[in-house]
Amino acid sequence: MFDDLRMRYHAALRRIRRFERREIKQFVRWVEHTRNLTRLTVLVVAPLLIAGITWLSNAVNIITFLIFPPLASGTYTLFTDPEGKYASPTRFVGGMTAGALCGWVALVFSARYLYHVPPESMTIHAGGAALGILLTVLVTWSLDVEQPTAFSSALLVLMFPLGETGSFGSFLSGFLYVVGIAISSSIVAGVFVLWRREFYERRARYLYRSTKGDDHVLVPMRGEDAEQTAMFGAKLAAAHDAGKVVLIDMVDRTAIEEAEESIEASARNQTKRHTKLVEPESAELSSRDESTEAEAEAQAADVAADRLEAQAHRIRTRMGVPCEVVVAGDGKTPARTVLSTAREVNCDLIVAPYEKRHGGLSPFVRGLFRGNVDAIAYRPGLDGNPRRRWKRVLVPVRRAGNTAHTMIDFARRLVGRSGSVSVCTCIDREAERRATESTLADLVEAFSGSFETRVSRSSIEDFLSANDDHYDLMIIGASTDRSAASRFISPPTFERMHEIDCDVAVVHRG
């Protein structure tokens, strides 16, 4: 009984852990979107900042509650659009302080010259409000500190009681209000600068999995493009200090049979030298067959290993990255063999040659794209010129997400410091252009280096066909995150490209 309860307890714990891991992965994918990240930051940071400044105002009695409306709206503007027009700490602090100063001057002027009621009353003269806004516009324009919150801080000061007009208490109260605005806005600006510099601008390092992994690359040596594919995978691995390449070849039944024929032919030649032949018994024949098969397997593996070692030497010499070799049996299916080998040799990226069958992907590539390991199907250009360097890379993206981040990271690895990366997308209506441009800007600003972003009204096929001669490589998503019905209605982009001249890399996120 107790054993049964214990087993149920451990099973429940395993289910909870699996649920937690799944939820954490989904949350990380959600927060990889820049807009979701900024919204989460506002949700966490803004209340804490306002609470801290409120505590400070209660402690020192300098900061009045009237500063909180412009301070809260300014905090929201800073953190929701960290790269926007108003995301400048100087403009934020200078604009709010200038607005408060202009409003204070307008209040004193209107209290003395425009109306004759005590300034501590709540009556606000229309001329004083107009004067405060006018001064704020002129000062912020001249100082280049335009800030929307400057106008709210200028108007709210008109409600601030100054005491007797012209008295020292009146001057001191207004001065403390301006100082409180400057201090509180400086606190918010300081937190914003620290967050943007230490986290937001480095979010690719902290959040995007591709920048922390995909440095151990497994390359199945299959087909005519195996050597070029190995060089492509080595280029990706060489971008990381801990990068390495593992070449794998699978010894199938055909290779073993060829080795057996070679061994049997050699045995027959040796037998012809003897004048007397003795018929072996059946047990001896069976033992000899098993020995021949084992010898054939070893010989086929040795041949594959020698071939891999020659390619590994070329990779070490040309790319300067460590390279290992693995020879495996073909197993149930080649794709499963490669996926299991990747886990066994601790590889987090598979780069395989692009293979087609009957107009679509081959079963081998489809099997890799169903696995939980990142995979790339690489197809050399149709011009027949093998490349060792890719300096101009085009990355078509459908939407922001972890697949788009991965493709951009791969492009940055390939082009290095001197190359260029273009990130593009196609839209159906002109009304989508501004939002799409903002999305592309959010995608590329997380990575170092120079980028070009392009938005086109043409179809993706026409756009790629018209621009393929300007690039060395196109990196395209495999659309494995879409449902089967979605892929049936709208096939993946790479399946609709038949005449693209440049190299193509199809990326699948495991």
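The values are calculated or read from the model by the stated rules, or taken from the named source; none is laboratory data. Since this is a predicted model, take the numbers as computed values, not measurements. A quick note on method: Cβ atoms are made from the backbone with ideal geometry, for glycine too, and the neighbour counts reach across all protein chains shown.
Can you pull out the residues in segment 465-510 that are in a loop (DSSP other than H, G, I, E, B), out of contact with any His (no Cβ under 8 Å at 6 or more places or on another chain) and at pLDDT 75 or above? Break it down stepwise before answering.
Residues of segment 465-510 that are in a loop (DSSP other than H, G, I, E, B), as a first pass: 471-472, 478-483, 490-492, 497-502, 509-510.
Now narrow it down to the ones that are out of contact with any His (no Cβ under 8 Å at 6 or more places or on another chain): 471-472, 479, 481-483, 490-492, 497-502, 509-510.
Answer for segment 465-510, where residues must be in a loop (DSSP other than H, G, I, E, B), out of contact with any His (no Cβ under 8 Å at 6 or more places or on another chain) and at pLDDT 75 or above: Y471, D472, S479, I500, D501, C502, R509, G510.
Results for (1) farther than 25 Å from I183 by Cβ; (2) at pLDDT 80 or above, shown as yes or no for each residue.
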residue: R39; (1), (2): yes, yes
residue: A51; (1), (2): no, yes
residue: I62; (1), (2): no, no
residue: L78; (1), (2): no, yes
residue: D81; (1), (2): no, yes
residue: S88; (1), (2): no, yes
residue: V108; (1), (2): no, no
residue: A130; (1), (2): yes, yes
residue: I133; (1), (2): no, yes
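Output the number of residues of segment 441-455 satisfying the condition of being touching a residue at least 60 places away in the same chain (Cβ under 8 Å) and in a helix (DSSP H, G or I).
3
Would you mind listing the strands (runs of 3 or more DSSP E) fully within segment 374-440 where at least 1 residues are among the polar types (S, T, N, Q)?
420-426
Test G243 against the criterion of being crowded, with 18+ Cβ neighbours inside 10 Å, at pLDDT 75 or above, touching an Asp or Glu at 6+ places or on another chain (Cβ under 6 Å) and not hydrophobic (A, V, I, L, M, F, W, C), and give yes or no.
So G243 fits the description; yes.
Taking C424 as the residue in question, decide whether it is buried (at least 21 other Cβ atoms within 10 Å of the Cβ) and either touching a Phe, Trp or Tyr at 6+ places or on another chain (Cβ under 6 Å) or of a type outside the set (D, E, K, R) (or both).
no
Among what's in segment 155-212 and is touching a Lys or Arg at 6+ places or on another chain (Cβ under 8 Å) and under 25 Å from T41 (Cβ atoms), pick the residue that is modelled with the highest pLDDT.
R205
What about T403, is it of a type in the set (S, T, Y) and either on the phi > 0 side of the Ramachandran plot or modelled with pLDDT of 90 or more (or both)?
So T403 does not fit the description; no.
What are the pairs with Cβ atoms under 6 angstrom where one residue, in segment 67-86, is of a type in the set (A, V, I, L, M) and buried (at least 16 other Cβ atoms within 10 Å of the Cβ) and the other, located anywhere, is modelled with pLDDT under 85 and not in a helix (DSSP H, G or I)? Sequence gap at least six, or different chains.
As it stands, the answer is L78/A87, since those pairs meet every condition given.
For (1) within 16 Å of F232 (Cα to Cα); (2) in contact with a Leu (Cβ under 6 Å, 6 or more places away or on another chain); (3) among the charged types (D, E, K, R), each residue gets a yes or a no:
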{"residue": "A305", "(1), (2), (3)": "no, no, no"}
{"residue": "A328", "(1), (2), (3)": "no, no, no"}
{"residue": "A335", "(1), (2), (3)": "no, yes, no"}
{"residue": "V345", "(1), (2), (3)": "no, no, no"}
{"residue": "S362", "(1), (2), (3)": "no, no, no"}
{"residue": "D374", "(1), (2), (3)": "yes, yes, yes"}
{"residue": "A377", "(1), (2), (3)": "yes, no, no"}
{"residue": "R392", "(1), (2), (3)": "yes, no, yes"}
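Which condition breaks for V338 when tested against (1) at pLDDT below 85; (2) over 20 Å from L464 (Cα atoms)?
Unmet condition: (1).
Every residue, every condition in (1) farther than 15 Å from P492 by Cβ; (2) modelled with pLDDT of 80 or more; (3) in contact with a helix residue (DSSP H, G or I) (Cβ under 9 Å, 6 or more places away or on another chain), yes or no:
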{"site": "G359", "(1), (2), (3)": "no, no, yes"}
{"site": "P363", "(1), (2), (3)": "yes, yes, yes"}
{"site": "L368", "(1), (2), (3)": "no, yes, yes"}
{"site": "V397", "(1), (2), (3)": "no, yes, yes"}
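When you scan segment 340-357, how many residues do you find that are farther than 17 Å from Q228 by Cα, over 23 Å from the mean Cα position of the chain (by Cα) and of a type outside the set (K, R)?
4
Being without any contact (Cβ under 8 Å) to a residue 60 or more places away in the chain, in contact with a helix residue (DSSP H, G or I) (Cβ under 9 Å, 6 or more places away or on another chain), more than 19 Å from I476 (Cβ to Cβ) and not hydrophobic (A, V, I, L, M, F, W, C) is the filter here; which residues of segment 336-356 pass it?
The one that is without any contact (Cβ under 8 Å) to a residue 60 or more places away in the chain, in contact with a helix residue (DSSP H, G or I) (Cβ under 9 Å, 6 or more places away or on another chain), more than 19 Å from I476 (Cβ to Cβ) and not hydrophobic (A, V, I, L, M, F, W, C): R336.
Could you say which residue among R366, R336, R307 is surrounded by fewer than 21 Cβ atoms within 10 Å (Cβ to Cβ) and in contact with an Asp or Glu (Cβ under 9 Å, 6 or more places away or on another chain)?
R307
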